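The values are calculated or read from the model by the stated rules, or taken from the named source; none is laboratory data. Just so we're clear, the structure is a prediction, and the values are computed from it rather than from any experiment. Cβ atoms come from the backbone with ideal geometry, glycine included; neighbour counts cover every protein chain shown.
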Amino acid sequence: EDLVVSECILDYIDSKTLFNYFTDTPEYQRLKDPYEEFVALCRDNPAWAAKYILGKGDFELLPFQAAILDILWNKTFPLLILTRGGGKSFILAVYATLRAILDQNSKEGSKIVIVSASFRQSKVVMEYIERFWRMSPILQAACDNPEGMKKHNDKWEFRFGNSTIVALPLGDGQTIRGIRATHVLADEFGSIPQDIFEVVVRGFAAVSQSPVDKVRYIHKIN
């Protein structure tokens, strides 16, 4: 079946324009460390990464989900407008898990905060992540808690390596002021009061993973 699909694709795409990393990359550009090579491939192809990280090589995304994941990965302020049952919480869980696993180094990682108008809705995203953890040997090996997710009354938290994914109850915003994050996911954004989002939620992402590097980068631009 895969061969038939491949042949159909070539009816629409010139094979000369296709790039296969494994056959078309010059040897001097190949990474010597297979671990680094795998991570680089995953970061450039998040849907491909989902297949091998969130399962046992059998995790599949639909084409439109792969497109959404690519937008989430590469754009700074995307909005997902989908029908009810369109898989918004699911794809946010996929994105959060991959970002936590792939966006870190030996010293620091990502801090991903998930908020919604109700804590229950934020928990839905975390439950998807827990489902991924249960079926993925890679996630289980990367998680510092043998029981997976830590569930508290005021937050649910996963930790993968140096990265954390945490779901918080939004409420009126007063109890979670001062939280900092590298990535903020607002599920059911339309139900979050605008003043709480502007004053509290947007402030979560006021810090980068490496503030000093960010200052130097801006200085170079100027």
Worksheet item: Does G85 count as touching a helix residue (DSSP H, G or I) at 6+ places or on another chain (Cβ under 9 Å) and of a type outside the set (S, T, N, Q)?
Response: no
Practice prompt. Look through D58, D103 and report the one residue that is under 26 Å from A142 (Cβ atoms), in contact with a Gly (Cβ under 8 Å, 6 or more places away or on another chain) and among the charged types (D, E, K, R).
Written response: D103
Worksheet item: What strands (runs of 3 or more DSSP E) completely inside the stretch 112-222 contain at least 3 residues that are at pLDDT below 85?
Response: none
Fill in: Sole residue being over 21 Å from the mean Cα position of the chain (by Cα), modelled with pLDDT under 90 and within 27 Å of P137 (Cα to Cα), chosen from Y21, Y35
Y21
